[in-house]
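Please read the structure below before turning to the comments.
The values are calculated or read from the model by the stated rules, or taken from the named source; none is laboratory data. Everything numeric in this text was worked out from a predicted model, so none of it was measured. Cβ: placed from backbone, ideal geometry, glycine included. Neighbour counts: every protein chain shown.
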Amino acid sequence: MSYPDAEPADLVAARQIRRPKEADPDLPQDAVVARALDYCCQAMGKGVLAIRGHVGATDPSFHTVKALLEVRDVIRGKMDLQLVAFPQDGWFRAAGAEAQLIRALDAGVEILGGIRHFERSMVDGAAAVRAACRVAAERGLMVDLPCDESDDPLSRHIATMAATTIDFGLQGRVTGSHPNSMRSMDNHHGTKLIPLNAEAHVSAIANPLINITLHDRADTYPKRPGVTRVRTGGVLPDEIEGSLFGGFEPVSDGGSGLAFPVGDADPVQDPGPGETRLCGGICHRGDRQHVDDDLRVFASQIGG
């Protein structure tokens, strides 16, 4: 959902603004339904027929989960709305988070999410990856984990996720969104990590537009780009189930929201060919072969 009065924000600021609004027990459920339906209708009007949205599932009111399940039922047959149970405040950092996530899955949410880099420690982050994969394996579900959405090159939960995917037999059912920290890693670790992801058939979603907006705010100069590795040994080689883009979740993937209030869910501009052009610039993919490769990825995502 989006907030029209929002100012552009980095990831931390966006969370600080969004969290109280989502957890507000006085926010009417029908207001959440109305906003989400309005967004879905806008997206359908621009040719978008599938959305994957991360639904905050850890607030006690549970009204966001109930609202989005209602929206999914209303638009069923017109749009494929996939819902991810998302522990907004961390799997272990928030008391009772796992129980709330299980409650969301029992209610009908079909994908399990997480936010590993938001746990209090690297140890907790790794444990949260294993906990999510364990629950997904027990229930036969897919996993979508915003992972290593950090400028820290030592944030390496994507490696834990790939190894855990293999341990639990989840190959082909796990997505790692954002993995920003890969662009800050040295090649010694990167060349080990990329084949590991390929072996685990872990999908990677780069989200270049929103990540160059949200990240590297602490850098002065030299200044890193905000997007993960794409050009050489990144998310596009054939052996990796790669994706330049994401869905249209308003805060993190290009819709109109707290971090990027000028997005409009238009696949022609954002995050479709427009984002392909953007990625071509910031990732040095401007030659003909790379442009063709990037457009092929985009076309495969929209069924072209």
message: I'd like the residue in segment 119-159 that is surrounded by fewer than 23 Cβ atoms within 10 Å (Cβ to Cβ) and of a type in the set (Val, Ile, Thr) and, out of all such residues, is modelled with the highest pLDDT.
response: Val135
- request: Would you please name the residue that is nearest to Gly53 (Cα to Cα), looking only at residues in segment 133-158 that are acidic (Asp, Glu) and touching a strand residue (DSSP E or B) at 6+ places or on another chain (Cβ under 8 Å)?
  value: Asp144
- prompt: Restricting the first residue to segment 154-176 and requiring it to be at positive phi, which pairs with a second residue that is surrounded by fewer than 21 Cβ atoms within 10 Å (Cβ to Cβ) meet a Cβ separation below 8 Å and a spacing of at least six or different chains?
  reply: Gly169/Ala137; Gly172/His201; Gly172/Glu241
- line: Residue pairs within 8 Å by beta carbon, gap of at least six or interchain, first lying in segment 198-212 and assigned to a loop (DSSP other than H, G, I, E, B), second of a type in the set (D, E, K, R), listed first then second, are His201/Glu241; Val202/Glu241; Asn207/Asp253
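Consider Phe86 carefully, then state whether it is within 21 Å of Ser203 (Cα to Cα), aromatic (Phe, Trp, Tyr) and out of contact with any Cys (no Cβ under 8 Å at 6 or more places or on another chain). Spell out how you get there, then give the answer.
Working: within 21 Å of Ser203 (Cα to Cα): yes; aromatic (Phe, Trp, Tyr): yes; out of contact with any Cys (no Cβ under 8 Å at 6 or more places or on another chain): yes.
So Phe86 fits the description; yes.
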- prompt: Looking at segment 83-95, is at least one residue closer than 18 Å to Asp38 by Cα, buried (at least 16 other Cβ atoms within 10 Å of the Cβ) and touching a residue at least 24 places away in the same chain (Cβ under 8 Å)?
  reply: yes
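Among residues belonging to segment 57-67 that are outside any loop (DSSP other than H, G, I, E, B) and in contact (Cβ under 8 Å) with a residue 40 or more places away in the chain, point out the one that is surrounded by the fewest Cβ atoms within 10 Å (Cβ to Cβ). Spell out the reasoning first.
Restricting attention to segment 57-67, the residues satisfying the condition of being outside any loop (DSSP other than H, G, I, E, B) are 63-67.
Those still in the list that are in contact (Cβ under 8 Å) with a residue 40 or more places away in the chain too: 64-66.
Working: Thr64: 23, Val65: 27, Lys66: 17.
The extreme case among them is Lys66.
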- request: Sort out which residues of segment 47-56 are surrounded by 15 or more Cβ atoms within 10 Å (Cβ to Cβ) and at pLDDT below 90, and write them in order of number.
  value: Val48, Ile51, Arg52, Gly53, His54, Gly56
